[in-house]
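Notes to accompany the following structure.
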Amino acid sequence: ERERLPVIVQISENAVAHHGSLGPLAAAARTALAASSVPAALHLDHATRPELIEEAVALGFTSVMYDGAALPWEENVAYTRRIAHHCREHGVFLEAELGEVGGKDGAHAPGVRTDPREAARFVTDTGVDALAVAVGTSHHMTERTAAIDLALVRELRAAVPVPLVLHGSSGADDPT
């Protein structure tokens, strides 16, 4: 508010599990956002269950992130495509994940990165609005030692027609 900057309030699937349900969390977030005088969005992050995304859409979330990363390619594409259709019908922005965006099983170790050709195919096959990519950042970093592969970011940007999302950027040094 003081800086007059837009804000995204994010609720994760883990937070929902910890608190027992999405409804009360969404109600509290919507109340806080309604009192804001800056543009604000309500986002559900890393949802692995399609029914949780449907609930978030029904509760007025403006964006959701479907995380089908642990699924085989065909299953991830099929679920993501179905979720993208549902979100589009309700005017909700959809981010998805291809591969594992890290901190979860070493997905950001050297050599484990998002392939630009796969990313382009995934976006085309699913119709997502944004794509979370593995380029060197990782969740749960306690030090600022992430080595972002900027050459890969440029390749992905050229191959993918939607915004790229970096998760775990708290591990990136400020100059990056």
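Sub-8 Å Cβ pairs linking a first residue in the range 27-49 that is assigned to a loop (DSSP other than H, G, I, E, B) to a second residue that is among the small types (Gly, Ala, Ser), at least 6 apart or interchain, are Thr48/Gly68; Thr48/Ala70, ordered by first then second residue.
One residue is enough: does the range 34-54 have a residue meeting the conditions acidic (Asp, Glu), in contact with a Leu (Cβ under 9 Å, 6 or more places away or on another chain) and open to solvent by less than 30 Å² (accessible area, probe 1.4 Å)? No: zero hits. Residues in the range 61-74 that are open to solvent by 40 Å² or more (accessible area, probe 1.4 Å) and under 18 Å from the mean Cα position of the chain (by Cα): Thr62, Ala70, Leu71, Trp73.
Any idea which residue in the range 51-74 is nearest to Leu166 (Cα to Cα), counting only those that are assigned to a helix (DSSP H, G or I) and modelled with pLDDT under 95? Filtering the range 51-74 for residues that are assigned to a helix (DSSP H, G or I) and modelled with pLDDT under 95, the one nearest to Leu166 (Cα to Cα) comes out as Trp73.
The residues of the range 82-108 that are open to solvent by 50 Å² or more (accessible area, probe 1.4 Å), modelled with pLDDT of 85 or more and outside any helix (DSSP H, G or I), listed by number, are His90, Gly91, Phe93.
The single condition among (1) open to solvent by less than 70 Å² (accessible area, probe 1.4 Å); (2) more than 28 Å from Leu33 (Cα to Cα); (3) touching a strand residue (DSSP E or B) at 6+ places or on another chain (Cβ under 8 Å); (4) at pLDDT 95 or above that Tyr79 does not satisfy is (1). Checked against the criteria, Ala28 does not count as within 22 Å of Ala132 (Cα to Cα) and open to solvent by 10 Å² or more (accessible area, probe 1.4 Å). Among the residues of the range 109-163, those identified as more than 19 Å from Trp73 (Cα to Cα) and at pLDDT 95 or above are Arg154, Glu155, Arg157, Ala158, Pro161, Val162, Pro163.
The values are calculated or read from the model by the stated rules, or taken from the named source; none is laboratory data. The model shown is predicted, which means the values in this text are computed figures rather than measured ones. As a convention, Cβ positions derive from the backbone with ideal geometry for all residues, glycine included, and neighbour counts pool all protein chains shown. The area values use the complete protein model at the heavy-atom level, side chains included, leaving out ligands, DNA and RNA. Shrake-Rupley method; radii C 1.70, N 1.55, O 1.52, S 1.80 Å.
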